[in-house]
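Read the structure below first, then the notes.
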């Protein structure tokens, strides 16, 4: 069915899995976590070895607890119901006997101050990259054994991978200026992959600056080839655009009033006459520049119309934006049950792409960073309620929650449909040892073969 005719009648698409997780779900279809009997702790041991390879910033003369032990206890704890450092300590003490299956714990379980101090000194971005890349590698190894329908694979590969960038504030990490330890809240700029369904990198924003200089720095660390990068209007900046194009990627950047004449020119262009003309290109079988979707979102019917204009030789200052190839418009109409009048919203974009399918996918998929990451950090992990200050372990705690979130999303394929990540954490809190070993079975090709014939 062509994308322009696609009508979504339910809410399921709103929570559709990321591409890699969907492939994994197809592979383990029929395997339920409660039915897994033969588990293997190989992955847990490998993760422990990986944690031990991370450079320890502490003075060796004062070291009592191994860095790998501290990292792994924290990871295990945040997978369950621990959201703060004090809860990590409680978890470690309660599960000390089980933890010794993987960890040395030469001086027992550390206190909450130890976790806080170590993570405030640790290069947490490097640690995150090591662990996330390991999880991606293991996930890819399992998927390679999959025998999914080739036609479906080809269809999915037609759309480029989407990397959505957006900032998040950890509200309770802020202190009032009148406080003795007054400080701004921890602000993080995240890059979220639509293919993997996880945050692939982040940049912690310095108190004296904002997202604008942080985004190019973040993007330069990523592999952008054959991807589309999206961001909000604040980050539609020339340096950001240059960084994406230099990295062999594409971009879809939002426009608002802060872009002055550029925003006005694009907005004025998409008048009623132009919209009719663009819609007619589809009827005349010219290169598609228009898509319309109708979706049911909770108690409302949402209609979106996507317009793309690649002929922009008239656009003043276009040469200042590297790779600029088109401008776009999205008109969103929301009709709520019981409401007399629908509401309308219009958003404008500059893009380096000329495919209407890529444009629609990028605009719609951009909110994955909010729905798939930021919302879960607050709802599943209570990030907004955490009072740990930046520079005092807040960055490290958030990093570990993102790793935990990535693991929970992978594990979710083993649970019944509509089992929330929060419910998985609750199940872990009830029977941690058995549940966590079953969860990591899904990342072990050999163990998975034993649990489910591949």
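The values are calculated or read from the model by the stated rules, or taken from the named source; none is laboratory data. Everything numeric in this text was worked out from a predicted model, so none of it was measured. FYI the Cβ positions are ideal-geometry reconstructions off the backbone, even for glycines, and counts take in every protein chain you see.
Kindly evaluate residue 172 against the criterion of being in a helix (DSSP H, G or I), modelled with pLDDT under 85 and surrounded by fewer than 22 Cβ atoms within 10 Å (Cβ to Cβ). Here the answer is yes, as residue 172 does meet what is asked.
The selection criterion, being over 23 Å from residue 325 (Cα atoms), at pLDDT 95 or above and crowded, with 22+ Cβ neighbours inside 10 Å, holds for residue 192.
Could you say whether any residue in segment 414-430 is surrounded by fewer than 16 Cβ atoms within 10 Å (Cβ to Cβ), under 24 Å from residue 98 (Cα atoms) and without any contact (Cβ under 8 Å) to a residue 40 or more places away in the chain? Yes - at least one qualifying residue is present in segment 414-430.
Inspect segment 406-413 for any residue being within 29 Å of residue 143 (Cα to Cα) and either over 22 Å from the mean Cα position of the chain (by Cα) or surrounded by fewer than 21 Cβ atoms within 10 Å (Cβ to Cβ) (or both) and give the result as yes or no. Looking through segment 406-413, at least one residue is within 29 Å of residue 143 (Cα to Cα) and either over 22 Å from the mean Cα position of the chain (by Cα) or surrounded by fewer than 21 Cβ atoms within 10 Å (Cβ to Cβ) (or both).
In segment 365-379, the residues that are without any contact (Cβ under 8 Å) to a residue 12 or more places away in the chain reach residues that are part of a helix (DSSP H, G or I) with C-beta atoms within less than 6 angstrom, at least six apart or across chains, in these pairs: 378/384.
Only helices (runs of 4 or more DSSP H) whose full extent lies in segment 346-427 are considered here, and the ones with at least 3 residues that are in contact with a strand residue (DSSP E or B) (Cβ under 8 Å, 6 or more places away or on another chain) are 356-365, 394-411. Applying the set (1) farther than 30 Å from residue 187 by Cβ; (2) surrounded by 16 or more Cβ atoms within 10 Å (Cβ to Cβ); (3) more than 20 Å from the chain's Cα centre (by Cα) to residue 341 leaves exactly one unmet item: (2). Filtered by the rule that a residue be within 27 Å of the chain's Cα centre (by Cα) and in a strand (DSSP E or B), segment 315-338 gives 326, 327, 328, 329, 330, 331, 332, 333, 334. Could you tell me whether residue 65 is surrounded by fewer than 14 Cβ atoms within 10 Å (Cβ to Cβ) and either in contact with a strand residue (DSSP E or B) (Cβ under 9 Å, 6 or more places away or on another chain) or touching a residue at least 12 places away in the same chain (Cβ under 8 Å) (or both)? Answer is no for this residue. When 25, 61, 77 are checked against the criterion of being modelled with pLDDT of 95 or more and assigned to a helix (DSSP H, G or I), a single residue qualifies: 77. Residue 45 falls short on exactly one of the conditions (1) surrounded by fewer than 15 Cβ atoms within 10 Å (Cβ to Cβ); (2) modelled with pLDDT of 90 or more; (3) within 26 Å of residue 194 (Cα to Cα), and that condition is (3). Residue 209 satisfies every condition listed in (1) part of a loop (DSSP other than H, G, I, E, B); (2) in contact (Cβ under 8 Å) with a residue 24 or more places away in the chain; (3) over 18 Å from the mean Cα position of the chain (by Cα) except (2).
Among the residues of segment 72-95, the ones that are over 18 Å from residue 408 (Cβ atoms) and either over 32 Å from the mean Cα position of the chain (by Cα) or surrounded by 21 or more Cβ atoms within 10 Å (Cβ to Cβ) (or both) come to 3 in all. Residues in segment 80-111 that are out of contact with any helix residue (DSSP H, G or I) (no Cβ under 9 Å at 6 or more places or on another chain) and part of a loop (DSSP other than H, G, I, E, B): 100, 107.
So residue 58 ticks every box in (1) exposed (fewer than 13 other Cβ atoms within 10 Å of the Cβ); (2) out of contact with any strand residue (DSSP E or B) (no Cβ under 9 Å at 6 or more places or on another chain); (3) more than 16 Å from residue 433 (Cα to Cα); (4) touching a residue at least 24 places away in the same chain (Cβ under 8 Å) but one. Which box is left unticked? For residue 58, the failing item is (1). Residues in segment 175-189 that are over 28 Å from residue 412 (Cβ atoms) and either buried (at least 21 other Cβ atoms within 10 Å of the Cβ) or at pLDDT 95 or above (or both): 187 alone. Within segment 84-136, the set of residues being under 26 Å from residue 199 (Cα atoms) and without any contact (Cβ under 8 Å) to a residue 12 or more places away in the chain comprises 87, 133. All conditions in (1) surrounded by fewer than 23 Cβ atoms within 10 Å (Cβ to Cβ); (2) more than 30 Å from residue 127 (Cβ to Cβ); (3) in contact with a helix residue (DSSP H, G or I) (Cβ under 9 Å, 6 or more places away or on another chain); (4) in contact (Cβ under 8 Å) with a residue 40 or more places away in the chain hold for residue 350, with the sole exception of (1).
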